[in-house]
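J.: Provided herewith is a single structure, encoded as structure tokens, for subsequent inquiry.
Where a number appears in this text, it was derived from the coordinates with a stated rule and is not lab data. Keep in mind the model is a prediction, meaning the values are calculated, not measured. FYI the Cβ positions are ideal-geometry reconstructions off the backbone, even for glycines, and counts take in every protein chain you see.
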Amino acid sequence: MLLLDQDAAFTPDQVSELEAALARLRTLSLPPAVVGPRPQAAPGAKAPAYPRRPEIPDYGSLVPVEFLATSGSLVDLEAYARIGPFRSDFFIDGVDLEWCFRAWARGYGCWMEAGTALPHRVGAGVIRSTLFGIEMPRQPLFRMTAYLRNSVYAWRLAHVPRRWKVRQAAYLPLQALLTWADSGYRPRVLAQLAGAVLDGLRGRLGRPKGLPGEPS
């Protein structure tokens, strides 16, 4: 099953390339769950980064990764049936990350085909900090709050590796600070970001507040 959305500019040739990659991966002792193209930044946007999965060697042009974006991914349906569906209570942000960590925990691999690239647009522009040396996509506030909430909630999930939880514990406060600064330090934005963290700690998931067309 090939998953695509409006953020990805996919070509028919890439479908064939991913199908061939999935066929190669099925020869390994570690069954594949998903394979996707190497992310490439669209003009004026920041591409997602896929951390390498430690202790798993490359397989030619195929790189084992902790997770990859849903858009542009070719999912093995047999593996999907065993791993389970994406979490609907995450609503949108982090569903791919949680699912891939779940796949690894259940004995399946997630792979990036480095031989083909997919221009990918995340958010509307980029927020940069020269002080901290980081950059992040500029997302609508409801997306950022869902991301914060789900990331904090994921700390309680046993299949999410401790190394990722430690990394997020350091990175999430910086992302929240940059989002608040980008808003002009508006108190309402800070309150919503703090509320999202609290929702994650309390396990209050589902549809995030402030969706377009709904009261925030």
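J.: May I ask for the angle, rounded to the nearest 10°, between helix 187-202 and the longest principal axis of the chain, with both axes built from Cα atoms and the value confined to 0 to 90°?
T.: 50 degrees
J.: Give me the one-decimal nm value for the distance between modelled label points at ASP5 and ALA81, 7 Å along each residue's Cα-to-Cβ direction.
T.: 2.7 nm
J.: Follow-up. Give, in nm to one decimal, the length gained when the segment between ALA181 and TRP155 is fully stretched (0.36 nm per residue of separation minus the Cα-Cα distance).
T.: Gain on stretching ALA181 to TRP155: 6.8 nm.
J.: Need one number: % antiparallel among DSSP beta bridges in segment 2-120, to the nearest 5.
T.: 55 percent
J.: Which FRET efficiency value, to the nearest 0.05, is calculated for LEU190 and ARG24 with the Förster distance at 45 angstrom and r the Cβ-Cβ distance?
T.: 0.40
J.: Let me ask something else. Helix-only mean residue ellipticity at 222 nm, the chain, DSSP H runs n ≥ 4 weighted -39,500 (n - 2.57), per residue, nearest 500. What is it?
T.: After summing the helix terms and dividing by residue count, I get -12000 deg cm²/dmol.
J.: Suppose we keep just the DSSP beta bridges with both residues in the chain; what percent of those would be antiparallel, to 5? Spell out each step's value before the answer.
T.: Details: 14 of 23 bridges.
Counting DSSP beta bridges with both partners in the chain, the antiparallel share is about 60 percent.
J.: Counting pairs of alpha carbon atoms under 8 Å apart in space and at least six apart in sequence, what relative contact order in percent does the chain give?
T.: Relative contact order for the chain comes out at 24 percent.
J.: Ok, one more. With an 8 Å cut-off on Cα pairs and a minimum separation of 6 or more residues, tell me the relative contact order of segment 126-202 in percent.
T.: 42 percent
J.: For Rg and Dmax of the Cα atoms in Å, the listed values are (1) 17.8, 59; (2) 15.7, 44; (3) 17.5, 54; which was obtained by calculation from the structure presented?
T.: (3)
J.: Determine, for LEU131, LEU178, LEU148, LEU97, the number of other Cβ atoms within 10 Å of each Cβ, and report the residues in order from fewest to most.
T.: By the 10 Å Cβ count, ascending: LEU131, LEU178, LEU97, LEU148.
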